[in-house]
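Visitor: Take a look at this one; I'll ask things after.
The values are calculated or read from the model by the stated rules, or taken from the named source; none is laboratory data. Keep in mind that what you see is a predicted model, and the values were worked out from it rather than measured. Methodologically, a virtual Cβ is constructed for each residue, glycine included, from the backbone with ideal geometry; neighbour enumeration extends over all protein chains shown.
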Amino acid sequence: MRVRLRTEGDYWITAAGGGSTDAIELLDISGAARFLSVSEASLRRWTNEGILPCLRIGRRRERRFRRVDLLAFIEEPAGAQRTANGKEGTMRRQGPQDEAVAAIHGNHLCGIYGSDAGRLDLAVPFLLEGLQKKSVCFLVAPSAAQTDILKAMKKKRPSLDSDIKAGRLIVSEHQPSPAEQCRFFEVAMKKAEDEGVESFRVVGDMWGLRLIISAKEMIELEVGFERLIVPRFPVVALCAYDARRFTGVELLDALKDHDDTFRYPVGRTIA
């Protein structure tokens with residue numbers, strides 16, 4: 001079997017035998033992500049769960065996808081249920097309307113709010129659900145926003161102080177650079193995983209970060225989080241942007257960097 005590069009992201013596997021030649025077109029993970037209009041993290045998650053088939057090629061076991069499998073995945077009914085071993089069961093690929101905003105690990109979402117109450121509408125249920133599901137949750141925000149969010153959470157979860165003391169809810173202001181912020185998550189999540197934690201949730205109120213770094217560095221952080229944290233840890237992240245403070249261009253860039261957001265109805269991520 002030979003693998004021949006066709007164009008960037010596209011491959012042909014050419015197999016000869018029995019006097020005939022059969023060609024199967026493959027795409028690498030970036031090409032497949034563009035084909036489905038989803039993030040690479042989503043593709044990794046679906047292949048790991050056995051929902052989307054892929055081939056593994058080379059010493060690095062890189063993922064390659066057949067176009068026919070991608071087309072079948074698109075056409076599959078949203079209600080089709082299948083476990084990772086192929087038997088009928090509880091694992092199913094849900095449509096956006098079927099999912100809670102934070103239902104799937106690997107989601108890296110952009111939330112936009114236009115009032116302090118809107119910020120609470122995004123952050124509070126997201127974090128409370130994470131605590132109920134025994135995820136370690138992170139609230140990364142300026143101190144004033146922390147106070148408002150924690151006050152609202154405590155009304156619905158009186159044990160919140162115990163959650164913080166036990167490390168189930170980690171509250172912090174933003175680190176001074178994209179690299180340091182990613183390192184903060186990496187160290188904390190690795191420590192929690194070593195202690196048996198199986199999932200994480202992150203709420204980042206991004207205006208606090210914008211006060212100390214440039215718009216370009218904001219993009220660097222989002223890209224770094226997507227490449228370094230999302231593939232490595234079972235995390236769901238909600239980056240909350242204040243529409244009263246960010247420019248229209250900055251909000252547009254934020255949406256471009258969070259393509260998982262577009263899998264959900266607008267009302268779930270805009271408040």
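Visitor: Considering every residue within segment 181-188, establish whether at least one is among the acidic types (Asp, Glu), surrounded by fewer than 17 Cβ atoms within 10 Å (Cβ to Cβ) and either more than 14 Å from the chain's Cα centre (by Cα) or assigned to a helix (DSSP H, G or I) (or both).
Guide: Scanning segment 181-188, I find at least one residue that is among the acidic types (Asp, Glu), surrounded by fewer than 17 Cβ atoms within 10 Å (Cβ to Cβ) and either more than 14 Å from the chain's Cα centre (by Cα) or assigned to a helix (DSSP H, G or I) (or both), so the answer is yes.
Visitor: Identify, by number, the condition in (1) more than 21 Å from Met189 (Cα to Cα); (2) at pLDDT below 85; (3) crowded, with 19+ Cβ neighbours inside 10 Å that Phe73 doesn't meet.
Guide: The number of the failed condition is (3).
Matching residues to (1) at pLDDT 90 or above; (2) among the aliphatic types (A, V, I, L, M); (3) at positive phi:
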site: Gln175; (1), (2), (3): yes, no, no
site: Met189; (1), (2), (3): yes, yes, no
site: Asp205; (1), (2), (3): yes, no, no
site: Val223; (1), (2), (3): no, yes, no
site: Val230; (1), (2), (3): no, yes, no
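Visitor: Outside the structural domain of Arg263 (by TED's automatic domain parsing), out of contact with any strand residue (DSSP E or B) (no Cβ under 6 Å at 6 or more places or on another chain) and either surrounded by fewer than 11 Cβ atoms within 10 Å (Cβ to Cβ) or modelled with pLDDT under 80 (or both): is that true of Gly9 in this structure?
Guide: no
Visitor: Quick one: Gln175 ticks every box in (1) farther than 21 Å from Val136 by Cα; (2) not in a helix (DSSP H, G or I) bar one, so which box is it?
Guide: Result: Gln175 passes all but (1).
Visitor: Please pick out the residue among Leu238, Leu255 that is in the same structural domain as Lys133 (by TED's automatic domain parsing), in contact with a strand residue (DSSP E or B) (Cβ under 6 Å, 6 or more places away or on another chain) and within 22 Å of Cys137 (Cα to Cα).
Guide: Leu238
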